[in-house]
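The structure appears below as structure tokens.
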Amino acid sequence: LGSGSGFEEERASLKGKHSSRKEMELLIEVYEAISAGAEAFLRAEYSICAVFVVIFSIIIYILISWSQDTTIGFLTSLSFVLGSVTSIASGYIGMRVAVYSNVRTTINAQKPGFMPTFNTAFRAGSVMG
């Protein structure tokens, strides 16, 4: 769950779109705190998920292999693991989009009218459904 170049791009994007230097610094500070909290939450959650996935993939393998064939048991366990990894990746992407889009929504809320804010929030919400 690294914070590589994507984080720096988001930070640079925030700097370029905000007018007041003090407000921009406060916004970046809040964004970094929220982003760090989201990373910590995901790390804790996915640590527990990893244990769950390992234990249940073994249980699935044993039960399917016991009642049918070891090849079917292996493929069923592999399917479970791949589905879990896909779900975890989707959750990570969704959290990153949510954190960043909330900052963009806040920036747009400072503009006159509600349409820029609504459009940003609506598009961000449609990423994960």
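The values are calculated or read from the model by the stated rules, or taken from the named source; none is laboratory data. Computed from a predicted structure; not experimentally measured. Using ideal geometry, Cβ is built from the backbone for each residue, glycine included, and neighbour counts are taken over all protein chains shown. Calculation scope for accessible area: heavy atoms of the full protein, side chains included, ligands and nucleic acids excluded. Shrake-Rupley method; radii C 1.70, N 1.55, O 1.52, S 1.80 Å.
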Item to check | Any chance I58 is modelled with pLDDT of 95 or more and either open to solvent by 40 Å² or more (accessible area, probe 1.4 Å) or in contact with a Leu (Cβ under 7 Å, 6 or more places away or on another chain) (or both) | outcome: yes
Next on the checklist: Every residue in region 81-129 that is surrounded by 17 or more Cβ atoms within 10 Å (Cβ to Cβ), farther than 18 Å from S35 by Cβ and touching a residue at least 24 places away in the same chain (Cβ under 8 Å), please.
Outcome noted: S84
Checklist entry - Taking the condition modelled with pLDDT of 85 or more, over 20 Å from V30 (Cβ atoms) and open to solvent by 60 Å² or more (accessible area, probe 1.4 Å), does S67 pass? => result yes
Checklist outcome for this item: Exactly one of G91, G83, G113 is of a type outside the set (V, I, T) and not in a helix (DSSP H, G or I), and that residue is G113
Item to check | Any chance L82 is modelled with pLDDT of 90 or more and under 30 Å from M24 (Cβ atoms) | outcome: no
